[in-house]
Amino acid sequence: SSTLAVIGGAAGGVRIIGLNKGEVVATLGGHTEGESIEAIEFVDLPGAGAGAGAGVAITGATDGKACIWDLGTMRLRATLEHSDAITKLLTHPAPKGYLVVSASADKTLRTWDARTGTLVREHTGHKAAVLDASLGLEGSVVISAGDDGFALVFTTEAVEE
């Protein structure tokens, strides 16, 4: 039960609000000014945000960036990138709650390790922007809906080479 709220704005600003007093406790600047924040997800990472018990938040914007924020220190942990707007962020259920899926107008979805910012897998196949997505089968698959009129299913697990 966090005492913080994360708010994204149409101009690319991210504000952290302390719910106890309703005041802005931090303004975070990882996104391009003038680009809209389109998605916010919370991630439970062990050891992150330990000072405030706040954890980690990920913000996705029309600048193609997903910024991973440590809410205990109010610092940027990593930046995940697409070549076009982020349209959706999804957090996996436990025990793989460190995995995050980003959907984008660049026609792809990507599975990331939020602990390190490392790309785990890229999911391709849409011919137009990915508009929405949802996790299924305890996070082992992601189902996406594209502006191309197709719904696609991808595995989120890393590919063994």
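The values are calculated or read from the model by the stated rules, or taken from the named source; none is laboratory data. Fair warning: this is a prediction, and the values are worked out from it, not measured in the lab. Note that we place each Cβ from the backbone using ideal geometry, even for glycine, and neighbour counts take in every protein chain shown. Quick note on the areas: whole protein, heavy atoms, side chains included, nothing else; ligands and nucleic acids left out. Shrake-Rupley method; radii C 1.70, N 1.55, O 1.52, S 1.80 Å.
If you check every pair at least six apart or on different chains, which have Cβ atoms under 7 Å apart with a residue in segment 74-92 that is without any contact (Cβ under 8 Å) to a residue 12 or more places away in the chain first and a residue that is in a loop (DSSP other than H, G, I, E, B) second?
Within 7 Å, no pair qualifies.
I'm checking my understanding of the structure. Among residues of segment 68-122 that are touching a Cys at 6+ places or on another chain (Cβ under 9 Å) and open to solvent by 70 Å² or more (accessible area, probe 1.4 Å), which one is farthest from Ala5 (Cα to Cα)? Please lay out each step first, then the result.
Step one: of segment 68-122, the residues touching a Cys at 6+ places or on another chain (Cβ under 9 Å) are 76-80.
Now drop any that are not open to solvent by 70 Å² or more (accessible area, probe 1.4 Å), which leaves 76-77.
Details: Leu76: 17, Arg77: 18 Å.
That would be Arg77.
Going through Gly125, Gly139 one at a time, which residue ends up being small (Gly, Ala, Ser) and surrounded by fewer than 17 Cβ atoms within 10 Å (Cβ to Cβ)?
Numbers: Gly139 fails: surrounded by fewer than 17 Cβ atoms within 10 Å (Cβ to Cβ).
Every option except Gly125 fails the conditions.
Name the one entry in Leu152, Leu131 that is surrounded by 14 or more Cβ atoms within 10 Å (Cβ to Cβ) and either within 30 Å of Gly13 (Cα to Cα) or under 13 Å from the mean Cα position of the chain (by Cα) (or both). Can you show your working first?
Working: Leu152 fails: either within 30 Å of Gly13 (Cα to Cα) or under 13 Å from the mean Cα position of the chain (by Cα) (or both).
Exactly one of Leu152, Leu131 is surrounded by 14 or more Cβ atoms within 10 Å (Cβ to Cβ) and either within 30 Å of Gly13 (Cα to Cα) or under 13 Å from the mean Cα position of the chain (by Cα) (or both), namely Leu131.
Matching residues to (1) β-branched (Val, Ile, Thr); (2) not in a loop (DSSP other than H, G, I, E, B):
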| residue | (1), (2) |
| --- | --- |
| Ala94 | no, no |
| Ser102 | no, yes |
| Arg110 | no, yes |
| Gly125 | no, no |
| Asp132 | no, yes |
| Glu138 | no, yes |
| Val142 | yes, yes |
| Asp148 | no, no |
| Glu157 | no, no |
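What is the residue count in segment 109-135 for residues that are free of Cβ contacts under 8 Å to residues at least 12 places away in the same chain and within 14 Å of Leu89 (Cα to Cα)? Even if it seems obvious, please write down each step before you answer.
Looking only at segment 109-135, we keep the residues that are free of Cβ contacts under 8 Å to residues at least 12 places away in the same chain, and these are 118.
Next cut, within 14 Å of Leu89 (Cα to Cα) only: none.
Selection size over segment 109-135: 0.
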